[in-house]
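Have a look at the structure below, then the notes.
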Amino acid sequence: MTVIEASGLRKEFTVRVKSGWLRRRTRIVAAVDGIALSVERGEMVGYIGPNGAGKSTTLKMLTGVLYPSAGQVRVCGLEPVPQRTRLALRIGVVFGQRSQLWWDLPLRDSFALLRHVYAVPATEHAGRLAHCRRLLDLDAFLDVPVRQLSLGQRMRGELTAALLHGPEVLFLDEPTIGLDLVSKQAVRAFLAALGAAGDTTILLTTHDLADIERLCRRLVVIDQGRIVHDGSLDELHARYGSRRRLVVDLDEPLAAPLALPGVTVESTQANGRRITYALDGTTAAGDLVSRLVEAAALRDISVLEPDIEDVVARLYTRQAAP
Amino acid sequence: MRGDDSLAPHATGSRAPSYRAYLALAAAGFQRYATYRQATVAAVVTNSVFGFLRFAVMLAVIDAGTRTVAGYDNRQLATFVWAGQGLIGVVLLWALPEFAERIRTGDVITDLLRPIDPMSQLLAADLGRAGYAVLTRFVVPVVVGALVFDLYAPRRQVTYALFACSTLLATLVCFSCRYLVNAAAYWLLDVRGPQTAWTLTSGIFGGLYFPVWFFPDAMAIGLIVATPFPSVIQIPLDILVERGSPAVQLGLLGVQAGWVVTLLALCRWVQRRGERKLVIQGG
Amino acid sequence: MAYRHLLAAQVRSQAQYRASLAVDVTGSVLFGVLDIVSVVVLFRVTPTLGGFGFAEVFLMTALASCAFATADLMVGNVERLRQYVRSGLFDALLVRPLSSLAQLVAMDVATRRVGRVAFGVVMLVLAAANAPMELTLARLALLTVTPIAGALIFGAVFVATATVAFWWIESGEIANGLTYGGLNFTQYPITIYGALFRRLFAYAVGFAFVAYYPTLALLDRPDPLGAPTFLGYAAPAVAVMAAVAAGLLWQTGVRHYRSTGS
């Protein structure tokens, strides 16, 4: 079942540029420029892109906070803006930098209040809350007013608040922003479990690519309002020529350099006793190792997997491999 | 993950927020203000100090010779001033523009993502707040006034009921006006201008600084009928000090009710326009 | 001079919101109008107030308005101390090599409040012209010095009441009770107040010297309460004492803040 369906989605903003005293020119900028996206029930999609790429704008159009300038969008079969309040009952949204909790009230009271706002049956609410309390370790600060919570505690509260009404789709806008390592891991583990259950569709934006590696099988990359990649992480690596690396430590330098197809020397250190090879996949790592063993006394080897940060940074700066 | 406490989505069925949602929001509004006890103490002390200052001026006006001023005698004026000092806390005449700040910072989008529209959320919370204020900010100045001065006690039992209704309507009128001031933030960079305008007009034409009957009669009647300001302070207080017959008082309630309907409709319209602007142009 | 640059930066950043500024200036003038309207309306229903006629009370109100508006313009921003202490921004002021009070004040010398001062001066000229007195050089001097001394007294009250925030952050509007309440108090002759309030506001805080005693001196009227006439000229001395007291209170407050680190 398709839960999110968008095509030709576009959002323009008028920007006023000051040009001299009183005179202002207006310029139209497309924050989102023709996006097509289709997400099936239970999918967990990472939505990434540099600042200003249009991530939040897309999210706002999907949740009914922004009206698209053009294109179609359906979430849970509803049109987000005209049917916003109906949609609200079926989605959960967490904005990493905005709170949906009641600032002056203890977390427990915010949750109780949300039960009424979303008209959730008491037993269902209690069940979900018990679940979140267990997985997110809420008990220690359930009675503390939200304003006194640490960022990590608040985020765990926000996640709970977004899930208490059993949303079919969960939108997360930078859910791990500003969190310390332990809190990040707690949030990720929780989301991973939620995703694994397969009932809730999750779309999350992030700048922390570890979130994506840990959580999302599918990755959508947006830049300048357009989708530049939609597929798995592996596909991204394949497409952008990310390379695995092999680092070898030798007892003494090689007599002559090795010549294998698709293998290049990236760097040599310690007078030639440590060599870093980059492999594009034409030659298997094993073949390279056996050639090395023949050529010199091998002391140590390590394989470095391609770095997602690298790939994405290259994507953002548009230095994609041919 | 399955089990009675799983996070499986709610089975899609017809489900809508009921009156309970509004009750819960009101309770939260009550509780929110109850947590700031020191601020409540500070507010009642301030209101009481101003009570002494305002009543001193009123006493001076009466002492100048006449037994009554603009139809109020000494005790009626005392009640007018002291109950008025309590009433400004109940209707919350002066509030920080919190909602405007939510619009400015964009936090309003979290309000939009709830199944209840932002205005109803705010209204429910404000009624809860007013409930708390009745027990604290209204009672204290009235008790202080009663201890130090001779207050006018209503002669007709029905006055208490009328006053309660009138106070509720006044709270709604005041909420609407404050809401409109805040909603200006959808279009303006900051709402200090509308805020200032509201503070001034509500104080001077609403009956706070002096009863509007100190103005010429024609002007006073015009203000009461044609502007919402006297519906906030003047009308409830006139009902409390039993100015006019019960029929006149019912008429005043009708004026208030008319303003409530008009202003709430206006608020709803403004909110829709504001949302539309937000939804089309972005935050 | 560092403060001058702080001030200039403030004025520049406010001027960016020109529409807001226009609205604010208008608003602040209207607040001044309100003081006058109140007096006019009260005298519609009574011939005298506390034994004084319209011309006399009008003069008191004008003096009080002028003094308050000037103080509000200069140091009104100390009201925001509460937010600064609460949000921890006050720490940022303490680490700079300038006086914390001066910085806080310079943070927002609200250009918008200029309107009210200007309006106050106009009202004072009208009130003086309307009052039954002959304009001598001595009276002119008194008319000039009194609003300045009054501004100093109000300024001291602004600072002193703001200081409460060092001990009590949730003090809410309580400071307004003394500042705006003080404005209300000084507008009218002190004869209308009860003994307790008179002792507290008029004598202890010194509000009687803002408008009441100077008006008596200007009009050559004996005090119905029997105070000697020379008190009309004592405002500057009282103002200096008030300013010194407020300064000391501020320093104590800052010391308390530094030791508790709240």
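The values are calculated or read from the model by the stated rules, or taken from the named source; none is laboratory data. Here the structure is a predicted model, which is why all the values come from computation and not from measurement. Backbone-built Cβ (ideal geometry, glycine too); neighbour counts: all protein chains shown. Accessible surface areas use protein heavy atoms only, side chains included; no ligands, DNA or RNA. Shrake-Rupley method; radii C 1.70, N 1.55, O 1.52, S 1.80 Å.
Assorted remarks:
- For the range A:193-206, the set of residues classified as surrounded by 15 or more Cβ atoms within 10 Å (Cβ to Cβ) and either within 21 Å of residue A:181 (Cβ to Cβ) or touching a strand residue (DSSP E or B) at 6+ places or on another chain (Cβ under 7 Å) (or both) consists of A:194, A:195, A:200, A:201, A:202, A:203, A:204, A:205, A:206, listed by residue number.
- Considering residues of the range B:114-157 that are of a type in the set (S, T, N, Q) and surrounded by 16 or more Cβ atoms within 10 Å (Cβ to Cβ) only, the residue farthest from the other protein chains (Cβ to nearest Cβ): B:136
- Of the residues making up the range C:165-186, those that are facing chain B (nearest Cβ under 9 Å) and closer than 26 Å to residue C:120 by Cα number 10.
- Beta carbons closer than 7 Å, at least 6 apart along the sequence or on distinct chains, pair a first residue in the range C:28-51 that is over 15 Å from residue B:211 (Cα atoms) with a second that is hydroxyl-bearing (Ser, Thr, Tyr) and part of a helix (DSSP H, G or I) for C:32/C:65; C:35/C:61; C:35/C:65; C:36/C:61; C:50/C:191; C:51/C:191.
- Of note, residue C:106 does not satisfy the criterion of being under 22 Å from residue C:188 (Cβ atoms) and at pLDDT 75 or above.
- Scope the range A:38-49; condition more than 12 Å from every other protein chain (Cβ to nearest Cβ), open to solvent by less than 30 Å² (accessible area, probe 1.4 Å) and not hydroxyl-bearing (Ser, Thr, Tyr); matching residues: A:39, A:44, A:45, A:46, A:48, A:49
- Single residue of the range B:14-34 satisfying the filter (part of a helix (DSSP H, G or I) and surrounded by fewer than 14 Cβ atoms within 10 Å (Cβ to Cβ)) that is nearest to the other protein chains (Cβ to nearest Cβ): B:20
- Residue A:218 vs. criteria surrounded by fewer than 23 Cβ atoms within 10 Å (Cβ to Cβ), at pLDDT 90 or above, over 13 Å from the mean Cα position of the chain (by Cα) and charged (D, E, K, R): no
- Residue that is nearest to residue C:119 (Cα to Cα) [pool: residues in the range C:44-62 that are within 9 Å of chain B (Cβ to nearest Cβ) and part of a helix (DSSP H, G or I)]: C:44
- Looking only at residues in the range A:278-308 that are polar (S, T, N, Q) and assigned to a loop (DSSP other than H, G, I, E, B), the one that is least open to solvent (accessible area, probe 1.4 Å) is A:283.
- Test: residue B:188 is more than 9 Å from every other protein chain (Cβ to nearest Cβ), open to solvent by 10 Å² or more (accessible area, probe 1.4 Å) and assigned to a loop (DSSP other than H, G, I, E, B): no
- Within the range A:59-81, the set of residues being facing chain B (nearest Cβ under 10 Å), open to solvent by 10 Å² or more (accessible area, probe 1.4 Å) and farther than 14 Å from residue A:173 by Cβ comprises A:67, A:68, A:69, A:76, A:77, A:81.
- Residue within the range B:67-77 that is in contact with a Gly (Cβ under 8 Å, 6 or more places away or on another chain), farther than 19 Å from residue A:115 by Cα and away from chain A (no Cβ under 13 Å) present: no
- Scanning the range C:77-103 for residues that are on the phi > 0 side of the Ramachandran plot and modelled with pLDDT of 80 or more yields nothing.
- When the range B:241-269 is filtered for residues that are open to solvent by less than 20 Å² (accessible area, probe 1.4 Å) and assigned to a helix (DSSP H, G or I), the ones remaining, listed by number, are B:249, B:256, B:260, B:263, B:267.
- Taken over the range A:54-76, the residue count meeting the criterion of being closer than 16 Å to residue A:204 by Cα and assigned to a loop (DSSP other than H, G, I, E, B) is 1.
- Selected residue (criterion: nearest to residue B:131 (Cα to Cα)) from residues of the range B:162-174 that are open to solvent by 10 Å² or more (accessible area, probe 1.4 Å) and touching a residue at least 40 places away in the same chain (Cβ under 8 Å): B:167
- Selected residue (only one of C:146, C:136 is open to solvent by less than 40 Å² (accessible area, probe 1.4 Å) and hydroxyl-bearing (Ser, Thr, Tyr)): C:146
- Scanning the range A:259-276 for residues that are among the aliphatic types (A, V, I, L, M) and open to solvent by 40 Å² or more (accessible area, probe 1.4 Å), we see that the one that is modelled with the highest pLDDT is A:265.
- When residues of the range A:126-152 are limited to those that are in contact (Cβ under 8 Å) with a residue 40 or more places away in the chain and open to solvent by 10 Å² or more (accessible area, probe 1.4 Å), the one nearest to residue A:99 (Cα to Cα): A:147
- Selection status of residue B:90, part of a helix (DSSP H, G or I) and under 23 Å from residue B:204 (Cα atoms): yes
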